[in-house]
Amino acid sequence: EIASIRNQLQGKVAEMENFAGHLEEIFLTVEENFGRQEQHLEQHYNDVLQTLSQRYDDRETGLQEEKKSKLESLYKQLVACGQALDTSKELIETAQEVYRCQDERLFLKVAQLGLLRDFFFLEFAKEDIDLSLSTSLEFSTPLADLSDVKTMMDSINVVPAPSAPVINPQLPNSATQTSLHVCWSLFSDDTVEYYELYYRPVLEDTPADSTLPSPPAIKQRECSSCPEAALIRWESGNTNPVDSYIVELSETGTVVAVPTCQCLIQLQAGRQYLISVRAVNIGGPSDRSDAITISTTGTFFYLLEDTAHPCLSMSEDGFTIFYGDEELPITAMAFEDNTFTRCVAILGDLIPVRGRHYWEVEVDDETEFRVGVAYEDTERDGYLGANGSSWCMRHIRTPSRHKYEFLHNGWSPDLRITVHPVRIGVALDYDRGTLSFFNANLEQHLHTFHCRFHNYVHPCFSLDNPGALTVHNGIQAPDYTFI
Amino acid sequence: MALTQVSSNKCAGGFQKVFEHDSTELKCKMKFAIYLPPKAETDKCPVLYWLSGLTCTEQNFITKAGSQLAAAEHGIIIVAPDTSPRGCNIEGEDESWDFGTGAGFYVNATQDPWKTNYRMYSYVTEELPKLINANFSTDPDRMSISGHSMGGHGALICALKNPGKYKAVSAFAPICNPVQCPWGQKAFTGYLGADRSAWEAYDATVLAASYSGPQLDILIDQGRDDQFLSASQLLPDNLIAVCSEKKIPVVFRLQPGYDHSYFFIYSFINDHIKHHAKYLNA
């Protein structure tokens, strides 16, 4: 019997523990809900207060202006009265003088008086002294329109409407001839009292609401790559919304699903890939887009045309930039938000992948240039190398010799290079924090910057005088560049 | 040729040793320092010859320049000979610090009383490499040369006079144009006599003007606050001018605040060893 009592008691203990756990859960939920309500309330009241404050400001300004205009007109009146007073005084004095004059000259005076009388008459008739105030002393007080504030106050106590539930895709075997199993989910923030389910039959011969999407179009000039990865960007190709995209690598059959119109895919070095994209919506996937060939030899990038200074023009293939001889007048130059405005420069679209990158720049004997890297937000009205957001090698041509600077923050080491490089190798190593320059034809090291890049950088190029330079990329970095 | 080990210290994972031998060129006992990197225990390594400057012995470079870590990292043997024959008892050899003992100028003297012993050019370019290759784990086809001040002059002339022999060359504050500076004029007069044409065979600027051979890639570091630079003993501008005209690739770096001392060498030795490694390990 003791055993049975013990069991009963144990059962009760378990029940109570359960109950306690339950209570705790409820307690937490209540706290959560309270917290949410509190936040909600605070937000709401803040909005109301802000609106009221705004109204106050507006009214106050209005009253101030009214006061000002009333004072102005009263002052004007005062001035006019003062003038009238002065004129009247003068007339009185003149009259008094005439009155004090001797009788011998009376007949002349009578004549004068006659004239004066006319004069007085005219003057007084003219001066219809207006002794009424030009403005009322009352201020207009229009009724404040606080109806929207009232609405806001009313809505505080109202529970916000829930968000639309999301219907889950239909599960296989969840329907019979006469019934359907519909599942949906809701957002946990919502308070829901009940659901309303609506349905209508879809006629068989009407075209399904969901048609297949059109294939996207890969934006060739916005794709870049390096030995470990490629960045592919494309245009949706659809006016109707698309759920997601599928990026396919034909070589390996790998497939990656992404929600936006770009994708950074990991690849293997030294290979060639054919990459295409499909758009996917409820109806299914589209046809494949035209494929793009990506080669993971070296680092490959295009130049960012929308950063180019207006004086720069680009070759058709997009890898040579020219600074023409003709002087463009300032007004003819179309500066956009993103273009360089002083330094005749352009940025390159380097793939945002840390690691090692290498590219080459071809110049001639005379071209004065700056080549290097810069942060994406480098000052567009600055000169490459003159600020802390760019590093570059600069070539200056004087009549007698070549001068070289390796600029960052406006400072350069003092060095001489005896053979002018016409093919410059640029080697960027994010992990080691180095940016090195080489005479690629001679395999000669010129200079290395040591800097911890806290962000991704872009190749930058500028021409300080009319000339041209060509960017070569997709080149495997020579061994000596990353010793 | 018998080598006697004078000292051995473990350093940067390898060994810094000093040896002594009887030199046939210099006709006296000579010491040299040699750094053996860890890699030398298992593989044949390339050799960098370091020539020191006025008043130095084989000790200065190995105790002050801090070269061993970089040498170990890149697997390079560094050999640092003395700067002149020692104990030859030649009259006047100890009179000046810039001529005679400790001031061999890496030439083969033609004048008495120097011509018997003062043959540092042949010692460095012929006898020493043979000795090193015979006694250590070296790759005889891969050698390079570097030096400081008078040793910089030595490195430059050895490379220019032996096209293809050295895979890389670099220098710290070298005497670039000795026939035009007081040091060079004094030394060459004593060792080579009054005939200036004999001097030109040991002048880097003159040699560069007529150099023909495999392409060089010369790295030169020069302290901007070097007292000897301002005293016109070093004259790098002359060498740069000739190399620009003859298209000999040089990168010349003027380092602000640095002087002529081993503190300067210490500061940039890593860059130089890396420069040599690029060619020695290619």
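Summary of values
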item: Number of the exception - A:Y480 against (1) in contact (Cβ under 8 Å) with a residue 40 or more places away in the chain; (2) assigned by the TED database to the domain that holds A:H309; result: (2)
item: So A:A279, is it hydrophobic (A, V, I, L, M, F, W, C) and not in a strand (DSSP E or B); result: no
item: Some residue of segment A:261-276 being part of a loop (DSSP other than H, G, I, E, B) and under 25 Å from A:E362 (Cβ atoms); result: yes
item: Elements of type helices (runs of 4 or more DSSP H) in segment B:212-282, at least 3 residues being on the phi > 0 side of the Ramachandran plot, facing chain A (nearest Cβ under 10 Å) and among the β-branched types (V, I, T); result: none
item: Flag if A:L231 is under 25 Å from the mean Cα position of the chain (by Cα), assigned to a strand (DSSP E or B) and aliphatic (A, V, I, L, M); result: yes
item: From A:R401, A:R416, A:R432, A:R380, residue being touching a Phe, Trp or Tyr at 6+ places or on another chain (Cβ under 6 Å) and either at pLDDT below 95 or not assigned by the TED database to the domain that holds A:E336 (or both); result: A:R380
item: Test: residue in segment A:53-63 that is under 30 Å from A:L133 (Cβ atoms), among the acidic types (D, E), in a helix (DSSP H, G or I) and touching a residue at least 12 places away in the same chain (Cβ under 8 Å); result: no
item: Residue check, A:V98 part of a helix (DSSP H, G or I), at pLDDT below 90 and in contact with a Lys or Arg (Cβ under 7 Å, 6 or more places away or on another chain); result: yes
item: Filtered residues of segment A:440-456 (kept if of a type in the set (A, V, I, L, M) and not in a strand (DSSP E or B)); result: A:A440, A:L442
item: Selection count where residues are closer than 21 Å to B:R253 by Cβ and not in a strand (DSSP E or B), scope segment B:169-180; result: 5
item: Every residue from segment A:443-462 that is away from chain B (no Cβ under 14 Å) and either out of contact with any His (no Cβ under 9 Å at 6 or more places or on another chain) or without any contact (Cβ under 8 Å) to a residue 24 or more places away in the chain (or both); result: A:R452, A:F453, A:H454, A:N455, A:Y456, A:V457, A:H458, A:C460, A:F461
item: Selection within segment A:360-396 - in a strand (DSSP E or B), more than 30 Å from the chain's Cα centre (by Cα) and not hydrophobic (A, V, I, L, M, F, W, C); result: A:E360, A:E362, A:R394, A:H395
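The values are calculated or read from the model by the stated rules, or taken from the named source; none is laboratory data. This one's a predicted model, so the numbers in the text were calculated from it and none came from an experiment. Glycine also receives a Cβ, built like all others from the backbone with ideal geometry; neighbour counts cover every protein chain displayed.
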